[in-house]
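Worksheet: the structure to be examined is printed underneath.
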Amino acid sequence: MKRPTPESVKLATYIHEFLTGYAPVHLTTSEHTLKNYKTSLSLYLVFLQEECGITPSKLNIGCFSLESIEEWVKWIKEKRGCSAQTCNIRLGAIRTFMKYLGERNIAYLSAYEASCTIPSMKVPKRKVSGLSKAAVKQLLEIPDLSTKTGRRDLTFMILLYSTAARLDEVLSLKMQDLHLDLRKPYVSIIGKGHKRRTLYLMPKTVAHLKKYIAEYHGKTPDPDSYLFYSRNIGTSGKMTQPAIDKMLKKHAKAAHLLCGDVPSDLHAHQFRH
């Protein structure tokens, strides 16, 4: 086995630092997006090895040329069966990494600029159906309020619905992001690109949040605790998106039997519409 070249070691280090340090701290807290970065880079390395005969020990900046990236996009579409939308997502992940490389080493900047010239594939627009008022009303009546979990589920859905925030934005909320005792109560959300925005709350939402906080966080909540936290990890770990997806679908199936407007395969994004 040949020893890795100095440049391959340098690029491997950049990939590791991007995935484990830079992306989760400076780009996003979304587990889904972070997984996309990792999957896209892994697929690119597989492509280089299987289609170009370039092993990780031979990695160099030439591997990220315009032609190579174009061939990779074609490869994941034709040989991996990826849809146009998935191809665009994967391409975006590679571009983000290339930008990171260019910012760390000016010698790689031209490769990033070249990657930006690759056009995205055309994707048919899909209409996301929202929830009718009847559907929302029925859905919010499903959680069993005689149980602690039911009260939590109701609070979560009310907050998600009233703010129209993204799922990860709500899951990433910490106690220090809530300002409920002001004349105009609000939550401070960190969105895409780590941009912070203010979302004001209705009195009903505030009332449910205060009851939930008293029950789940006590009289003196830790400012660094996640609002909706994992039972297994505790307040230092937020609930996962799969856990929320499972919860929403459970309540949606029950609500669908009573109101046909409630989709049985409900997902969080529909609350935004």
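In a simple Cβ point-charge model (Lys, Arg +1; Asp, Glu -1; nothing else charged), the stretch 133-272 has a dipole of about 260 debye relative to its Cα centre.
In a shell of Cβ-Cβ distance under 13 Å around ARG104, excluding ARG104 itself, what net charge do Lys and Arg (+1) and Asp and Glu (-1) give? With Lys, Arg at +1 and Asp, Glu at -1, the net is 0. Here the translational diffusion coefficient of the stretch 6-115 follows from Stokes-Einstein with Rh set to the Kirkwood radius across Cα pairs; for 10 °C and 1.306 mPa s it amounts to 113 µm²/s.
Suppose we flag trypsin sites (Lys or Arg not before Pro) only when DSSP calls them loop and at most 11 other Cβ atoms lie within 10 Å. Which is the longest uninterrupted stretch of the chain? Please list the in-between numbers first.
Working: sites that count: LYS2, LYS79, LYS122, LYS125, ARG126, LYS127, ARG183, LYS195, LYS219, ARG231.
Segment 3-78 is the longest.
I want to verify a result. In a Gaussian network model of the chain, Cα cutoff 10 Å, which of these has the top mean-square fluctuation: GLU169, GLU31, GLU50? For the chain, modelled as a Gaussian network with Cα springs under 10 Å, the answer is GLU50.
Mean silhouette area of the stretch 133-272, derived from the convex hull of its C-alpha atoms and averaged over all directions, reads 8.4 nm².
Going from the residue with the fewest nearby Cβ atoms within 10 Å to the one with the most, ILE233, ILE106 rank ILE106, ILE233. Here is how the number arises for the chain: DSSP H runs of 4 or more residues each give -39500 (n - 2.57), the sum is divided by the residue count, and the result at 222 nm is -15500 deg cm²/dmol.
The residue among ALA207, LEU258, ALA243 whose Cα reaches farthest toward the positive pole of the charge dipole of the stretch 183-273, with charges on the beta-carbon of Lys, Arg, Asp and Glu, is ALA207. Considering all C-alpha pairs of the chain, those separated by over 35 Å amount to 33%. Across PRO124, PRO185, PRO143, mean-square fluctuation computed from a Gaussian network of the chain (C-alpha pairs under 10 Å connected) peaks at PRO124. Projecting the Cα atoms of PHE18, CYS63, THR86 onto the charge dipole of the stretch 1-112 (Cβ charges, centred on the Cα centre) puts PHE18 farthest toward the positive pole. Rounded to the nearest 10 degrees, the angle from helix 241-256 to the longest Cα principal axis of the chain is 50 degrees.
None of the figures in this text is laboratory data; all of them are computed from the coordinates on show. On a predicted model such as this, the values are computed, not experimentally measured, just so you know. Don't worry about glycine lacking a Cβ; one is built from the backbone with ideal geometry, like all the others, and counts go over all protein chains shown.
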